[in-house]
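What follows is a single structure, written as structure tokens, with notes after it.
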């Protein structure tokens, strides 16, 4: 009996442990690669409507730290990018993907990246 | 009697004066009709637009596939350009080393060469240098044909990584992104060109760690220069690409100077149309100035570049010195940079202290086309300034000319016991840029080159010379005689072994001359006075 309980407990631990561990990760749950291209598309569209001067992004993930980006994306404060209206129109998943991209390459990440 | 003598005198004086005036006016009058030979030949060379292209690569079927790696792109190029990769891998642009005249020693970044910038490539184990290697992935794999032949810059590495990550994802958004990426790759692969200045410049303008650091006469200002910066590469003018002068034979590109000159002979193309175009003489001939001018008499002793490149780094600044002794200082435990006046960094924790300058007057030395280079295995005298690379040449060498150079000074580490320069490993997790431990960096670095290290290092002053040959100014901006043929501030003050009128003088000859002139004047005066006062009673 004890043996069965032990086996059951170990299996539960090994099944759910990794799940919890993954969820314990601080970062957003988006696809950062997709987020990079979504971001570029938004800026391109914004440029076409005259919202920003440059068709390529001028704001880079390496501009700010992860904590600072968390503030921006959780409060949906997109002033720095221009075209607030277009950003508001993005789906939650898209926002999450873009946030994942900025989080992955932020100033204090292992690999800060600039655009362009 | 008197009157006839006067008339005789005046007629002859008038005739003499007329002849003198005609002589003075003569030569300059003739020169304005004839164009200088050098200009005439050069104009012929750039007359008309030459189109050598016979193919539009976007119409080649095999280039319309979905590429997933750089090697795949190159293999596709090779289906038509069968020998290109084989040729290229034999050249120094791939191997980064070439045998020197010393046995067992290889010149080049992958060899035993040392400089006073980032010092050594550490047999290519220092991955930081490899971003300029012409392969897709460092020294492995295929040649990256597009680094030289791609008309459009494209982020291949990042794109291939993203494509690999998106593989098998059926999200329609991602499918759209994948299609766009493939289109982008195809467009970049089909946009093929003979190498443009921006292709060569991607590496050669930015060597040593940034724009304009190393050469002084090669930086991003040459991507689209105007005529004042460089008459040959002027974007609105002749618009030469690098390969116009740096011609290639089986991907061997002319212009390398380590121990052998870039060109074996100085010949103009009218003497030999297969001659290399790398020398000025090939298009301009050895007597390019207006006929009968003194300047044509200089071409056997003074290089064209000396007068025609009055200053280098005329638009972007260039680095003039690099002091490694101050490297390693940290702020709050982190490396930092400090910017200086010219907008360039003057201190970097990873590298040390720099100085920069613009509009720099070159230093001049005798130069026969070869350099003497100190490598990792050569013994040095740490009590003197070590000339890591200096030009060779003497006044009596018929191949030597006075040539302008950029001299970069530095302080770099050396082995105190073995008296040799050392090659610290810089990039990577164990390199100096991460550990800031110079002793460890030297230990690891010397190991890569199989050179023993005693464990004791110190710093020595060094210099490194670059020949200045680009940024040719227009003719009206070339140096005037007075810049060199002047007593005190001559640009050639450092050139010894020859006599230069205006700069040099023989004191004895001058003294004798002065005595002769003053003596003659004194003699005439005394004689005249003597005759006047001792007229011996003759009154007329």
Between residue B:385 and residue A:58, what is the FRET efficiency for a Förster distance of 45 Å, r being their Cβ-Cβ separation, to the nearest 0.05?
-> 0.45
Give me the number: length gained by fully extending residue B:90 to residue B:55, i.e. 0.36 nm times residue separation minus the C-alpha to C-alpha distance, one decimal in nm.
-> 9.9 nm
Compute the label zone of residue B:165 within segment A:48-71: residues whose backbone N is under 20 Å from the point 7 Å along Cα-to-Cβ.
-> A:57-67, A:69-70
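Given the Cα-Cα distance of residue B:336 and residue B:525 and 0.36 nm per residue of separation, how much length would full extension add, in nm? Could you put the intermediate results ahead of the total?
Working: separation 189, 0.36 × 189 = 68.04 nm, distance 7.94 nm.
Separation in residues times 0.36 nm, less the Cα-Cα distance, equals 60.1 nm.
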Please report, to two decimal places, log10 I(q)/I(0) for segment B:208-526 at q = 0.12 Å⁻¹ as given by the Debye formula with identical point scatterers on the Cα atoms and no solvent.
-> -0.97
For a label point 7 angstrom out from the Cα of residue B:454 toward its Cβ, which stretches of segment B:358-391 have the backbone nitrogen within less than 16 Å?
-> B:377-384
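Beta carbons within 10 angstrom, averaged per residue: use that to sort the peptides B:327-339, B:405-417, B:382-394, B:57-69, highest first.
Details: B:327-339: 11.3, B:405-417: 20.6, B:382-394: 16.3, B:57-69: 13.5.
For the peptides B:327-339, B:405-417, B:382-394, B:57-69, the packing ranking is B:405-417, B:382-394, B:57-69, B:327-339.
Please express the shape of segment B:307-393 as an equivalent ellipsoid: the semi-axes are the square roots of 5 times the eigenvalues of the C-alpha gyration tensor, given largest first in whole angstrom. If you can, show how the numbers build up before the last one.
Values: eigenvalues 170, 99, 14 Å².
After scaling each eigenvalue by five and taking roots: 29, 22, 8 Å.
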Note: A:30-43 gets an average of partner chain Cβ contacts (10 Å, Cβ to Cβ) equal to 3
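From other protein chains only, count the Cβ atoms within 10 Å of every residue's Cβ in B:426-438, then give the mean. If you can, show how the numbers build up before the last one.
On the way: counts 0, 0, 0, 0, 0, 0, 0, 0, 0, 0, 0, 0, 0.
Taking the mean over all residues of the peptide, I get 0.
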How big is the Cα convex hull of segment B:417-540 in projection, averaged over all directions, in nm²?
-> 18.6
In nanometres, the difference between 0.36 nm per residue of separation and the alpha-carbon distance of residue B:265 and residue B:475 is 73.1 nm
Approximate spin-label separation residue B:512-residue A:68, in nm, with each point projected 7 Å along Cα-to-Cβ = 8.0
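For the protein assembly as shown, go through all pairs of different Cα atoms, get the mean of 1/r, take its inverse, and jot down that Kirkwood value in Å. Kindly include the intermediate steps, with their values, before the conclusion.
Numbers: mean 1/r = 0.0325 Å⁻¹.
About 30.7 Å for the protein assembly as shown.
What does the average come to when, for each residue of peptide B:157-164, you count the partner chain Cβ atoms lying within 10 Å of its Cβ?
On the way: counts 0, 3, 0, 0, 1, 4, 1, 1.
Across B:157-164, the average partner-chain Cβ count within 10 Å equals 1.
Tell me, what is the FRET efficiency for residue B:440 and residue B:45 to the nearest 0.05, using R0 = 45 angstrom and their Cβ-Cβ distance as r? Before the final figure, lay out each step's value.
Details: r = 55 Å, r/R0 = 1.22.
Efficiency at R0 = 45 Å is approximately 0.25.
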Mean 1/r over all different Cα pairs, inverted: what Kirkwood radius does chain B give, in Å?
-> 27.9
Can you give the Kirkwood hydrodynamic radius of segment A:32-104 from its Cα pairs, in Å with one decimal?
-> 12.1
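Bear in mind that the values in this text are calculations on the coordinates, not laboratory data. Predicted model, so just to flag it, every value in this text is computed and none were measured. Glycine gets a Cβ as well: all are built from the backbone with ideal geometry, and neighbour counts include every protein chain shown.
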